[in-house]
1. Please rank Cys19, Cys84, fewest neighbouring Cβ atoms within 10 Å first, as an exposure proxy.
2. Say each of Leu91 and Lys69 gets a label point 7 Å from the Cα, pointing the same way as Cα to Cβ; how far apart are those two points in nm?
3. Checking the a/c ratio against 1.5 first, then a/b against b/c, what shape does the Cα gyration tensor give for the stretch 5-93?
4. How would you rank Thr41, Thr11, going from fewest to most other Cβ atoms within 10 Å of each one's own Cβ?
5. At Thr24 and Leu53, where each label point lies 7 Å from the Cα along Cα→Cβ, what is the point-to-point distance in nanometres?
Amino acid sequence: MDAKSPHILNTSANLLGFCLVVLTSIRISRFNAGTIIDEVTGVASILLMASCLFSFLSLRTGQYRMGEKLENLASIVFLLALFCLSGTILLVSFNVLPHTIAKN
C-alpha cells in the first residue's frame with residue numbers, strides 16, 4: 001500500500017471543517033435562499049465525510065487488498081469533493097451571491 005490514507009484522512013477532515021464553516025456562515029448571513037453555493041458545499045461535505053470514513057477504514061483493516069481498495073475509493077471520493085469545492089470557489093469568485101440579504 002502506498003500509505004496515502006493518513007494524508008487523505010487528515011486533509012479530508014480539515015476540508016470538512018472548512019465546509020462546515022462555509023455552510024454555517026451562509027446560513028447565518030441568509031444567503032442560502034438565492035444561491036446554490038450551500039448545496040454544492042453540502043455535497044462536498046458529504047463526500048469528504050465518506051472520504052474520511054473510507055481512509056479510516058483503510059488504515060484499520062488488517063487485509064492488504066481490502067485496505068488498498070478502500071484507500072483507492074477514499075482517493076476517488078476525495079477528488080470528487082475537491083471538484084465540488086472548486087465549483088464553490090468559482091461561484092464565490094464570480095460573485096453569484098445575492099447583493100441583498102433577505103429580511104424577516
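Just so it is clear, none of the values below were taken in a lab; they were calculated from the coordinates. All values derive from a computational prediction rather than experimental measurement. Virtual Cβ from ideal backbone geometry, glycine too; neighbours counted across all protein chains shown.
1. Cys84, Cys19
2. Going by the 7 Å Cα→Cβ label model, 3.4 nm.
3. Numbers: a/c = 3.43, a/b = 2.61, b/c = 1.31.
Cα axes put the stretch 5-93 in the prolate bin.
4. Values: Thr41 25, Thr11 17.
Taking fewest neighbouring Cβ atoms as first place, the list is Thr11, Thr41.
5. About 2.3 nm separates the two model spin labels.
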